[in-house]
1. Where the convex hull is taken over the Cα atoms of segment 8-64, what is its projected area averaged over directions, in nm²?
2. What is segment 351-463 by shape, rounded, prolate or oblate, if you read a ≥ b ≥ c off the alpha carbon gyration tensor as root eigenvalues and call it rounded for a/c under 1.5, prolate for a/b larger than b/c, and oblate otherwise?
3. Calculate the all-directions average of the projected area of segment 87-141's alpha-carbon convex hull, and give it in nm².
4. Taking the Cβ of residue 225 as the centre, find all other residues whose Cβ is under 12 Å away and add up their charges (Lys, Arg: +1; Asp, Glu: -1).
5. With θ taken as phi - 60° and the coefficients 6.51, -1.76 and 1.60, list the Karplus ³J(HN,Hα) couplings across segment 319-329 in order, rounded to whole Hz; mark glycine and proline as x.
6. Order 84-92, 444-452 from most to least packed using the mean count of other Cβ atoms within 10 Å.
7. Run lengths n ≥ 4 of DSSP H only: what is the helix-derived mean residue ellipticity at 222 nm for the chain, with -39500 (n - 2.57) per run over all residues, to the nearest 500?
8. Kindly give Rg over Rh for the chain, based on alpha-carbon atoms, with the Kirkwood expression for the hydrodynamic radius.
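The values are calculated or read from the model by the stated rules, or taken from the named source; none is laboratory data. No experiment lies behind these values; they were computed from the predicted model shown. As a convention, Cβ positions derive from the backbone with ideal geometry for all residues, glycine included, and neighbour counts pool all protein chains shown. Note: areas computed on protein heavy atoms with side chains; ligands, DNA, RNA excluded. Shrake-Rupley method; radii C 1.70, N 1.55, O 1.52, S 1.80 Å.
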Amino acid sequence: MNYKKNDTVTLDIIDIGQDGAGVGRTDDGYTLFVKDTVPGDRVEAKIMKAKKNYGYGRLSRILLSSEDRVEPPCPTARQCGGCQLQMMSYPAQLAMKEQKVESDLRRIGNFQNVSIEKIVGMDSPYHYRNKAIFPVGTDRNGKPVAGFYAGRTHTIIPNTDCMLGCPENHEILEKVLGWMRKNHIPAYDEQTGRGLLRHVLIRKGFATGEIMICLIINGIEVPARRDLIQSLEAVPGMTGITFSSNTKRTNVIMNGPVKAIWGKEYITDILRSSKYGIQVWYQISPASFYQVNPIQTQRIYEKVLDLADLTGKEIVMDLYCGIGTISLFLAQRAKRVIGVEIVDRAVKDARKNAEINGIDNAEFYSGKAEEVVPAIYEREGIRADVAVVDPPRKGCDEMLLQTLISMQPEKIVYVSCDPATLARDLRVLADHGFVLQFVQPYDQFSNTVHVETVVLMSRVKEK
Ligand code: SAH
């Protein structure tokens, strides 16, 4: 049958797609992606966009509820673009993520019959994020609001109490909105480019309790500072009230330096491994990348150490190292660690973090891993015994993989936030003599579709 826009169809939801929408099939085999559905549901949906072989629909009615369907605890879960899976029970979310890693390794990586460790879930899948950036806008009554964008739009869904974030966000955002109302401070308007406050960034060190706030403003000064400081400094843990100027009409959130108007420009946090007796302090500035889920991050880093299995004699490369978080864990068990990271500011933070912790066997290079690693291997002859890679979603650059293949480290530990590019990269390594030894998914981003995976590949020993 030929389906068209605005048709109402009945579907069985059989899977979850890339962006978290359910994959539905009509009785005659047409595929429709429908947000807010769960595998096992039978639903009625309205077609919003129809292509020949598939389309996109909107959920109108649930005819039969999946066993895995739960009531989302957050009242704005359906409109908000932040969470995609709140209506799915947590055990079902975990099973789906484990399945995704298995199927990507099989389909994209052509690894048949890989044994995958059970996914490491969270004890509680809420309030795990240490950082959030809230867009600020104006509602129909002219009142300032803060919240999240609805999926794929820039419409703000007001919500100062996101269930993924830390509980302090609510009090802080309400205080900022109160300061705006009292002092008639307008929210930024993307359409006109006018107004002042664009975004509010809040970050908390879970181990130290330190909190920082950064206001991203369309201007060069924060007005009514005294009032803002007076209200925010009372929040327990408040360590720094800062701002960053962004007067460009762009979707880039932050592009300038951060200035403190009260307290410090950074917070400190600690990541630990009790198994290895490691405790590392990190200084984190508002713009630096820092893993958002510290509970799972510590588990992942500990697993990286397990898999690297260091004796203290090794040279280890930590590629895509950010502010050196993994590097400084590795440095405690290796002879020498070389971190490589593209963002210059993060490299400076990494060096500073090594210094704070009295670590002198870790050095950091700023640049693209695919350029720096070939340069230090080919020109300086530095070879890694163990390489750790933790790339962004697009995975490793081909040139980096080729260099690792020539360099022949004993082990490669791959920390991935996208199983599809992970599978692609592992196939390249497997075709050149590395053997897939261990795969463990982690639920680092509960209630969202994202899944983190830690993998060990080792070199086949020559006879
Ligand atoms: N390992 C760190 C950061 C991982 S996030 C941690 O656990 O905190 C991925 C990092 O890769 C980011 O810091 C990003 O800036 C960096 N990056 C992206 N492309 C890169 C490239 N081509 N070469 C080196 N680093 C890159």
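1. Numbers: hull surface 13.3 nm².
About 3.3 nm², averaged over all directions.
2. On the way: a/c = 1.68, a/b = 1.10, b/c = 1.54.
Oblate.
3. Values: hull surface 28.7 nm².
Value for segment 87-141: 7.2 nm².
4. Values: positive: 226, 259; negative: 221, 227, 233.
Charge balance near residue 225 sits at -1.
5. Running phi through 6.51 cos²θ - 1.76 cosθ + 1.60 with θ = phi - 60° gives 9, 6, 8, x, 8, x, 4, 6, 3, 6, 5 Hz.
6. Values: 84-92: 20.3, 444-452: 22.2.
For the peptides 84-92, 444-452, the packing ranking is 444-452, 84-92.
7. After summing the helix terms and dividing by residue count, I get -7000 deg cm²/dmol.
8. Details: Rg = 23.9 Å, Rh = 24.1 Å.
A ratio of 0.99.
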